[in-house]
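Read through the structure below, which is laid out as structure tokens, and then see the notes.
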Amino acid sequence: MTTHRITLLAAFCAAALSAQAGTTVTSAPYGAMTSSIATSTAGLAFPLSSDVFAGRISANSASTLTFETTGLAAALTTGEKYYVEIVSGPLEGERFDLNTATTISSGTATLDLAAASNSTSNTLLVDVLAQARAVVRPHVTLAKLGAMFSPALVGNAANAQADGVRIYGGPTGQTTYYLRTDGTWRSSPTSADQSALVIAPDTSVIVVLRSGSKQWSHLGAVRTNVFRKKLKTGIQSFATGFPLDLSAVQIGAFVDPLEASTIRWTGADVSAQADTLRVHDSASDTYKINYLRADGASWYLTGGSTDISATPFLPAQGALLVGRQKADAGYLIIRPFSL
């Protein structure tokens, strides 16, 4: 059994805020997410962050950013992985992986826009970000995920006895990474150490606990800008970017006639032909499939007959998959609370 708790706090304010859509805060909120997880599987996502640098961009090239203030290089740690998130301006919500080594050595924010990166866009027009505000945030990695548990996760040379993490992605679908006795993370005894593997903000995971019950804690700042997800065709890992349970309506999962037909959500009365939102169920270790109906607005659980489009069935602390008939490289989730 997994017990969840989410608390949002206004900065410098002792009052806890209700973790529901519609919450209004007057300053940047801080969040605390915790779960008591029994020996089983449990879905997790990581919408909170610990910003290491924030500033206004004065100019940008096709792969670098110049901030009005200095200090970025000094704020970074060699070997760590970071991303830049744009929090204002026309590209609000875009995330760009940071080349840590080059940024530290040059003092200029240097981006990694390669196709294999976690950047939400792989191209950048010169000075399109001028006067936009941005924050630099550390990526969650397998090693950092392991440090979120108490008591600590336990490694083992045998996969069947080791604590692990399943991540859905790539052409092979789901990959399980196991913690070894030497503290490394590997998908098989002979594979390379994946401790530094990035778990992107738009990705959720399934933790497999074999060593006993744990307490998971995730602390950090709450995102107050729109959230970007580059949607591809097919099934892919998904996270909403916010520490609130959300509905399909709140994430914009409906057919919008104002959008180009080539990127719209797809509804059908047969789930195999429709876009889907899949929610991991820890008890059965399977995904419950919800699909968009042919009317383009209603969402049904497969086998169900009740519209749940306005029900917050997408958990902030859970593993989600989205299945799309069409790609949408510019998909956005609007902030689900007021400031």
Return P(r) of segment 49-139 (all Cα-Cα pairs; 5 Å bins starting at 0; whole %; ordered from short to long distances). 3, 16, 29, 30, 18, 4, 0
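Neighbouring Cβ atoms within 10 Å as the yardstick, rank Ser305, Ser50 fewest first.
In increasing order of surrounding Cβ atoms, one gets Ser305, Ser50.
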In whole percent, what relative contact order does the chain give with Cα contacts below 8 Å and a gap of six or more residues? 21 percent
Among Ala248, Ala114, Ala45, the residue with the largest mean-square fluctuation in a Gaussian network model of the chain built from Cα contacts under 10 Å is Ala114
Once R0 is set to 56 Å, what does the formula 1/(1 + (r/R0)^6) return for the Cβ-Cβ distance between Glu68 and Ser213, expressed as a FRET efficiency to the nearest 0.05? 0.70
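Given R₀ = 56 Å, FRET efficiency for Val128-Ala157 by Cβ-Cβ distance, to 0.05? Numbers along the way, then the final one.
Values: r = 50 Å, r/R0 = 0.90.
Using R0 = 56 Å, I get an efficiency of 0.65.
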Give the cross-link partners of Lys288 among the lysines, using a straight C-alpha distance below 24 Å as the criterion and excluding same-chain residues fewer than 8 apart. Lys229, Lys230, Lys232, Lys326
Taking the chain as a Gaussian network, Cα atoms linked when under 10 Å apart, which of Asp295, Asp202, Asp245 shows the biggest mean-square fluctuation? Asp295
On the formula 1/(1 + (r/R0)^6), with r taken between the Cβ atoms of Glu259 and Thr181 and R0 of 51 Å, the FRET efficiency rounded to 0.05 is 0.50
For the chain, the percent of all C-alpha pairs falling in each 10 Å bin, from 0 up to the bin holding the max distance, is 5, 24, 33, 27, 10, 1
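Readers should treat all values here as calculations from the given coordinates under stated rules, not as data from a laboratory. Since the model is a prediction, treat every value here as computed from it, not as a measurement. Ideal geometry is used to build each Cβ from the backbone, glycine not excepted, and the neighbour counts take in all protein chains shown.
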